[in-house]
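Structure record follows, encoded as structure tokens.
The values are calculated or read from the model by the stated rules, or taken from the named source; none is laboratory data. Please read all numbers here as calculations on a predicted model, not as lab measurements. Don't worry about glycine lacking a Cβ; one is built from the backbone with ideal geometry, like all the others, and counts go over all protein chains shown. The protein model used for the area step is the full one, side chains on, heavy atoms only, and it has no ligands, DNA or RNA in it. Shrake-Rupley method; radii C 1.70, N 1.55, O 1.52, S 1.80 Å.
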Amino acid sequence: MKYTIGDAVRFKLESGDVEEGNIQFIENGNSEEIYYINSSNRWAYKISGKKIIS
């Protein structure tokens, strides 16, 4: 699925926890897109497109 800046998404962390946040920046890598997401707990995450749930 294609996401754009400002979209609210849910994503899975390495620990298995699920977080919610808004996409702030999208980086196009060689094989996939990397999303920079600000979450509700004030952390910023760099997430692979494969880890986004919805």
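Before moving on, here are some points about what is shown:
- Heavy-atom accessible surface of the chain: percent carbon and sulfur, 1.4 Å: 47 percent
- Distance in nm between pseudo-label sites at residue 13 and residue 43 (7 Å out along the Cβ direction from Cα): 0.2 nm
- Close amide H pairs (under 5 Å, H built 1.01 Å from N) link residue 7 with 23, residues at least 5 positions away or on another chain.
- Using only side-chain charges placed at the Cβ, +1 for Lys and Arg and -1 for Asp and Glu, the dipole size of the chain relative to its Cα centre rounds to 40 debye.
- Shape of region 4-54, Cα gyration tensor, a/c cut at 1.5: oblate
- Neighbour-limited loop hits for chymotrypsin sites (Phe, Trp or Tyr not before Pro), the chain (at most 11 other Cβ within 10 Å; DSSP other than H, G, I, E, B): 43
- Once the 1.4 Å probe is applied to the protein heavy atoms, the chain comes out at 73 Å² accessible per residue.
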